[in-house]
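The values are calculated or read from the model by the stated rules, or taken from the named source; none is laboratory data. Keep in mind that what you see is a predicted model, and the values were worked out from it rather than measured. Here the Cβ positions follow ideal geometry from the backbone for every residue, glycine too, while neighbour counts run over all protein chains shown. Remember, those area values only see protein heavy atoms, side chains included, never the ligands or the DNA or RNA. Shrake-Rupley method; radii C 1.70, N 1.55, O 1.52, S 1.80 Å.
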Amino acid sequence: MLTPVSPLNAQNEANVTFHWDYIANKQLTLAQWGTMTEENILETIIAQQHGNNDVEYLSSSYRGRALIERRAYLTLIGVKMSDSGRYGCKLTFEGGQSIANSTILIVSGKSLVEKFLQLSSLL
């Protein structure tokens, strides 16, 4: 079973890691991460075959910004406000059994106080 935290909050331009984990008695053969449509369909942005360090990016807007780490973690580098939304993970195991889950990412900008302090430090 995957155990995502939802919602996951992040500041604009921060790095975010989706901590999905699972327990399985069969070998993982394919891991897919992506955004979820309103119809609850996973639109894969990055995929990896088990035992293979190569990843396949199916969305150019995430190339170089999405990394697969550990067993089922997805890290997004420098998130943007437009990255807000629901993200999903689908894991497929030997024999074709699969499990999936999703979580919501909320990306917020800097507060007015933070922007003021940043501008003040430049003066």
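Considering (1) open to solvent by less than 30 Å² (accessible area, probe 1.4 Å); (2) part of a strand (DSSP E or B), the lone condition that Gly78 does not fulfil carries the number (2).
Within the stretch 26-37, count every residue that is exposed (fewer than 14 other Cβ atoms within 10 Å of the Cβ) and either in contact with a strand residue (DSSP E or B) (Cβ under 6 Å, 6 or more places away or on another chain) or modelled with pLDDT of 90 or more (or both). It would help to see each step written out before you state the result.
Step one: filter the stretch 26-37 for residues exposed (fewer than 14 other Cβ atoms within 10 Å of the Cβ), giving 26-27, 37.
Among the residues that remain, those that are also either in contact with a strand residue (DSSP E or B) (Cβ under 6 Å, 6 or more places away or on another chain) or modelled with pLDDT of 90 or more (or both) are: 26, 37.
Here the count works out to 2.
With respect to (1) out of contact with any Phe, Trp or Tyr (no Cβ under 6 Å at 6 or more places or on another chain); (2) within 23 Å of Gly96 (Cα to Cα); (3) open to solvent by less than 50 Å² (accessible area, probe 1.4 Å), the lone exception for Ile23 is condition (3). Checking each residue of the stretch 9-28 against the condition of being touching a residue at least 40 places away in the same chain (Cβ under 8 Å), on the phi > 0 side of the Ramachandran plot and not in a strand (DSSP E or B) gives at least one match. A residue that is touching a residue at least 40 places away in the same chain (Cβ under 8 Å) and closer than 27 Å to Gly109 by Cα cannot be found anywhere in the stretch 45-67.
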